[in-house]
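Derivation of every value follows stated rules applied to the coordinates shown; laboratory data play no part. What you are looking at is a predicted structure, and each value in this text was computed from that prediction instead of being measured. Positions of Cβ are backbone-derived with ideal geometry, glycine not excepted, and every protein chain shown enters the neighbour counts.
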Amino acid sequence: MASKGDCGERGTTAAWIKKHQPIYDRATRHPFIRSIWEGTVDFSAFKRWLAQDYIFVREFIPFVASVLLKACKHSGDEADVEVILGGLAALNDEISWFKKEASKWCVSLNSTPQNANLEYCRFLQSLTLPEVSYTVAITAFWAIEAVYQESFSLCLESDSKMPKELIGTCERWGNASFGQYCSSLQNIADRSLETASSVVLSEAEKAFVHVLENENYFWSMSLGE
Ligand SMILES: Cc1ncc(CO)c(N)n1
């Protein structure tokens with residue numbers, strides 16, 4: 001359990017979080033998330049987020065499938081493949097959750113993707129290309145999941161005034177087992193980064209920062225900015 005990097009304290013990813021702390025904080029402590037935490041969230045912003053995130057998650061499926069394919073071909077570790085497979089399987093349940101949640105909030109799941117979402121989806125698509133290395137793809141995958149985990153787990157802390165209507169949403173990404181899954185992804189990314197060339201390292205760092213920027217824009221879009 002206590003192997004190197006287990007808590008994300010010593011690996012490359014932890015170093016990058018420190019190095020890029022301001023943008024990391026903008027992604028994980030965004031005013032939209034703060035408004036949920038404070039209990040002042042505008043429900044129309046929440047509904048906008050819900051409709052847009054469904055579109056994002058539809059695009060996330062082929063991305064995760066591409067990471068799974070790369071892991072099968074390159075990781076050489078069956079346990080890594082199983083973690084990613086578990087993530088892909090969870091998306092099946094997530095799609096059902098979005099449909100249920102959308103009907104609860106009378107939100108249509110056929111809305112037009114907004115610019116920030118389109119850009120983020122285009123970035124995801126670019127990462128599915130075969131020439132993008134497994135290391136870069138798994139690093140981006142971890143970062144995408146980690147931002148939601150960090151954000152929504154904040155809303156579940158004891159000092160949070162999160163409205164009870166949003167507990168299902170916050171628990172979906174803020175629960176302890178999703179946290180464990182994110183740590184597993186982080187460990188896989190760190191292990192892969194340990195043996196990466198300097199070119200791949202720099203591509204992975206760029207992808208990490210790009211995820212954080214896109215997550216920040218996505219939250220701002222949800223606020224209607
Ligand atoms: C925009 C966005 N980032 C990350 C996740 C986590 O899967 C999500 N559902 N949506």
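HN-Hα J couplings of the stretch 178-192 from phi, Karplus 6.51/-1.76/1.60, θ = phi - 60°, integer Hz, Gly and Pro as x?
So the Karplus estimates, Gly and Pro as x, are 5, x, 4, 4, 5, 5, 4, 4, 5, 5, 5, 4, 4, 5, 5 Hz.
Kirkwood hydrodynamic radius of the stretch 91-223 from all distinct Cα pairs, in Å? Present the calculation step by step, with values, prior to reporting the outcome.
Working: mean 1/r = 0.0609 Å⁻¹.
Answer for the stretch 91-223: a Kirkwood hydrodynamic radius of 16.4 Å.
Restricting things to alpha carbons, tell me how big the chain is in terms of Rg and Dmax, in Å.
Computed over the Cα atoms of the chain, radius of gyration and Dmax are 16.9, 49 Å.
With Cβ to Cβ distances under 14 Å as the rule, what net charge do the other residues near Tyr134 carry (K, R +1; D, E -1)?
Values: positive: Lys70, Lys73, Arg191; negative: Asp77, Asp80, Glu131, Asp190, Glu194, Glu203.
Around Tyr134, the charge tally is -3.
List the aspartates and glutamates whose alpha-carbon lies under 15 Å from that of Lys161, not counting same-chain residues fewer than 8 positions away?
Reachable aspartates and glutamates: Glu38, Asp42, Glu171.
Grab the beta carbon distance between Gln21 and Asn115, set R0 = 30 Å, and tell me the FRET efficiency rounded to 0.05.
Values: r = 27 Å, r/R0 = 0.89.
E(calc), rounded to 0.05, equals 0.65.
Rounded to the nearest 500, what is the 222 nm mean residue ellipticity of the chain from helices alone, with -39500 (n - 2.57) per DSSP H run of 4+ residues and division by all residues?
-24500 deg cm²/dmol
Explain nothing, just compute: Karplus ³J(HN,Hα) = 6.51 cos²θ - 1.76 cosθ + 1.60, θ = phi - 60°, for every residue of the stretch 24-31 in order, whole Hz, x for Gly and Pro.
With the stated coefficients, the stretch 24-31 comes to 4, 5, 4, 7, 9, 10, 5, x Hz.
Which of the GluC sites (Glu not before Pro) found in the stretch 74-164 are loop residues per DSSP with 16 or fewer other Cβ atoms within 10 Å of their Cβ?
Working: sites: Glu78, Glu82, Glu94, Glu101, Glu119, Glu131, Glu145, Glu150, Glu157; in loops: Glu131, Glu157.
Sites meeting the loop and neighbour criteria: Glu131, Glu157.
Within the chain, which is the longest segment containing none of the trypsin sites (Lys or Arg not before Pro) that sit in a DSSP loop and have at most 12 other Cβ atoms within 10 Å?
On the way: sites that count: Lys4, Arg10, Lys161.
Value returned for the longest uninterrupted segment is 11-160.
Measure up Lys73/Lys99; Lys47/Lys206; Lys99/Lys164 against 23 Å on the Cα-Cα distance and list the ones that go over. Write down the numbers at each step before the final one.
Working: Lys73/Lys99 33 Å; Lys47/Lys206 31 Å; Lys99/Lys164 19 Å.
Lys73/Lys99; Lys47/Lys206, as the Cα separations exceed 23 Å there.
Apply 1/(1 + (r/R0)^6) to the Cβ-Cβ distance of Trp97 and Lys206, taking R0 = 30 Å, and write down the FRET efficiency to the nearest 0.05.
Details: r = 32 Å, r/R0 = 1.06.
It comes to 0.40.
Any chance you could run the full-extension gain for Asp159 through Arg29? It's 0.36 nm times the residue separation minus the Cα-Cα distance, nm to one decimal.
Values: separation 130, 0.36 × 130 = 46.80 nm, distance 1.49 nm.
Between Asp159 and Arg29, full extension yields 45.3 nm more.
Please name which of Trp16, Leu129, Trp37 has its Cα lying farthest along the dipole of the chain towards the positive end, using unit charges on Cβ (Lys, Arg +1; Asp, Glu -1) and the Cα centre as origin.
Result: Trp37.
Could you run the Karplus curve 6.51 cos²θ - 1.76 cosθ + 1.60 with θ = phi - 60° over the stretch 80-95 and give me ³J(HN,Hα) per residue in whole Hz, x for Gly and Pro?
Karplus values, whole Hz, x for Gly and Pro: 4, 4, 5, 4, 5, 4, x, x, 5, 4, 5, 5, 4, 5, 5, 4.
Report the one residue of Leu91, Ala79, Ser103 whose Cα lies farthest in the direction of the positive end of the charge dipole of the chain (charges on C-beta: Lys and Arg +1, Asp and Glu -1; origin at the Cα centre).
The residue sitting most towards the positive pole is Ser103.
Give the calculated FRET efficiency between Ser198 and Ser126 to the nearest 0.05, with a Förster radius of 30 Å applied to their Cβ-Cβ distance.
On the way: r = 21 Å, r/R0 = 0.71.
E between Ser198 and Ser126, to the nearest 0.05, is 0.90.
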